[in-house]
Amino acid sequence: MTERRWEPIVPHLREFQRHLAAHIPELRIVPANDRRWSEERYREQCKNGIFDQYGVYLIFDANESLEYVGVAMNRFHDRIWSHDTAVDRMLTDVIPIPHEYYFLGLALEFFLIARLRPLKNVTYRSYSIPAHNLSE
């Protein structure tokens, strides 16, 4: 499933993946939370274990514009909700990273913030990462 809001993100995620060793599993964006969900729907989503994983999370506003990129080095559930006072969160999607590679989360967070410059991210927005042709 590819959500429309992911269209500007996916090319950067693919580029990041090309820099990784071939044995590292493909990184994918997964829908995690929608503020419009009922409490029952949210509880069902919690049962699938998505919030117990590590990786990068993407927070979108009601217009599905990317507001914030963050990293969860412990669990998504421990990090996502901490932004509600500073971010107009409607949707939260995650990029889970297998536990043995969870350190890549910091690099992916930096990479996506530097490339996408989400409005609510202050740190790393002034950095740039030049495009790099891996076939050279």
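Read-outs throughout are calculated quantities, based only on the coordinates presented, and are distinct from any laboratory measurement. Just so we're clear, the structure is a prediction, and the values are computed from it rather than from any experiment. FYI the Cβ positions are ideal-geometry reconstructions off the backbone, even for glycines, and counts take in every protein chain you see.
Using Cα springs under 10 Å in a Gaussian network model of the chain, which residue among 40, 109, 26 shows the largest mean-square fluctuation?
Result: 40 has the largest fluctuation of those listed.
Under a crude label model (7 Å from the Cα following the beta-carbon direction), how far is residue 20 from residue 106 in nanometres?
Calculated label separation equals 1.7 nm.
Can you tell which of 55, 107, 38 lies farthest toward the positive end of the dipole of the chain, using +1 and -1 charges on the Cβ of basic and acidic side chains (Lys, Arg; Asp, Glu)?
With unit charges placed on the Cβ atoms, the residue in question is 107.
Of the labelled options (i) 100; (ii) 116; (iii) 205, which one gives volume of the Cα convex hull per residue in Å³ as computed for this structure?
It is the value labelled (ii).
Tell me the mean residue ellipticity at 222 nm calculated for the chain from its helices only (DSSP H runs of n ≥ 4, each -39500 (n - 2.57), averaged over every residue, nearest 500).
It comes out at -7000 deg cm²/dmol, rounded to the nearest 500.
Rg/Rh for region 14-72 to two decimals, with Rh computed the Kirkwood way over all alpha-carbon pairs.
Using only Cα positions, Rg/Rh for region 14-72 is 1.03.
Where does each of 10, 56, 71 land when they are ranked from fewest to most other beta-carbon atoms within 10 angstrom?
Arranged by neighbour count, lowest to highest, 10, 56, 71 become 10, 71, 56.
Give me the dipole magnitude in Debye, nearest 20, for the chain about the Cα centre, with unit charges on the beta carbon: positive for Lys and Arg, negative for Asp and Glu. Each step should come with its number before you reach the end.
Details: 17 positive and 19 negative charges, 30 e Å.
With only Lys, Arg, Asp and Glu charged at Cβ, the dipole is about 140 debye.
In region 18-99, what trypsin sites (Lys or Arg not before Pro) fall in a loop by DSSP, with at most 16 other Cβ atoms inside 10 Å?
Here the sparse-neighbourhood loop sites are 28, 35, 36, 75.
Which of these, 62, 114, 21, has the largest mean-square fluctuation under a Gaussian network model of the chain (Cα springs below 10 Å)?
In this elastic network of the chain, the residue with the biggest mean-square fluctuation among 62, 114, 21 is 21.
Net charge near residue 37: determine it from the other residues with C-beta under 14 Å of the C-beta of residue 37, scoring Lys and Arg +1 and Asp and Glu -1.
+1
Calculate the FRET efficiency for residue 116 and residue 78 from the Cβ-Cβ distance with a Förster distance of 22 Å, rounded to the nearest 0.05.
On the way: r = 23 Å, r/R0 = 1.06.
In this case the efficiency is close to 0.40.
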